[in-house]
Amino acid sequence: QVQLVESGGGLVTPGDSLKLTCEYFGRISSLYGLAWYRQAPGKQHEWVAAIIDGGQTNYPDSVWGRFAISRDNAKNTVSLQMNNLKPEDTATYYCNTYAAQYRPLGTWGPGTLVTVSS
């Protein structure tokens with residue numbers, strides 16, 4: 001029943017920063033975490049950031065040190081701060097819930113496109 005809407009994408013130059021925001025509608029169980037995923041053309045969804053209800057975060061090596069996820073439960077939002085963007089970060093970014101192994105549980109929202117090009 002949870003719906004998610006992403007925003008904040010755009011066209012940027014390598015090295016730039018961008019902040020994405022996801023607003024969700026509906027209640028999310030405290031047993032589930034929130035995560036960001038991205039999908040490049042011809043590829044499957046790739047997990048890029050996760051945060052649990054208690055605030056602990058995790059990231060894959062591909063974005064470690066560059067991306068930061070945060071959440072505001074009162075506002076029903078989860079954000080992704082992306083720094084030092086690279087061309088390989090180009091993709092459509094989505095947020096979703098997960099229970100284990102960062103596997104998405106909900107229905108995908110519209111996503112927001114991030115293009116990193118010189």
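The values are calculated or read from the model by the stated rules, or taken from the named source; none is laboratory data. Just so it is clear, the model here is predicted, and its values are computed rather than measured. Cβ: placed from backbone, ideal geometry, glycine included. Neighbour counts: every protein chain shown. Note: areas computed on protein heavy atoms with side chains; ligands, DNA, RNA excluded. Shrake-Rupley method; radii C 1.70, N 1.55, O 1.52, S 1.80 Å.
Residue by residue, here is whether (1) touching a strand residue (DSSP E or B) at 6+ places or on another chain (Cβ under 9 Å); (2) at pLDDT 95 or above; (3) among the hydrophobic types (A, V, I, L, M, F, W, C) holds:
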site	(1), (2), (3)
Ile28	yes, no, yes
Val63	yes, yes, yes
Leu80	yes, yes, yes
Asn96	yes, yes, no
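Of all residues in region 35-90 being of a type in the set (Val, Ile, Thr) and assigned to a loop (DSSP other than H, G, I, E, B), which is surrounded by the most Cβ atoms within 10 Å (Cβ to Cβ)?
Quick first cut of region 35-90, residues of a type in the set (Val, Ile, Thr) only: 48, 51-52, 57, 63, 69, 77-78, 90.
Next, only the ones that are assigned to a loop (DSSP other than H, G, I, E, B) stay: 52, 63, 90.
Values: Ile52: 16, Val63: 23, Thr90: 17.
Per the stated criteria, the residue is Val63.
Just to be sure I understand, how many residues within region 97-118 are touching a residue at least 12 places away in the same chain (Cβ under 8 Å) and on the phi > 0 side of the Ramachandran plot? Outline the logic, then answer.
The initial filter retains those residues of region 97-118 that are touching a residue at least 12 places away in the same chain (Cβ under 8 Å), namely 97-99, 102, 104-118.
Within this subset, residues satisfying the condition of being on the phi > 0 side of the Ramachandran plot are 102, 111.
Adding up the residues that qualify gives 2.
Can you name every residue in region 62-118 that is of a type in the set (Val, Ile, Thr) and in contact with an Asp or Glu (Cβ under 6 Å, 6 or more places away or on another chain)? Passing the criteria: Thr77, Thr112, Val116.
How about region 91-110: which of its residues are open to solvent by less than 40 Å² (accessible area, probe 1.4 Å) and under 14 Å from Val78 (Cβ atoms)?
Initially, region 91-110 is screened for residues open to solvent by less than 40 Å² (accessible area, probe 1.4 Å), giving 91-98, 106, 109.
Answer for region 91-110, where residues must be open to solvent by less than 40 Å² (accessible area, probe 1.4 Å) and under 14 Å from Val78 (Cβ atoms): Tyr93, Tyr94, Cys95, Asn96, Thr97, Tyr98, Gly106, Gly109.
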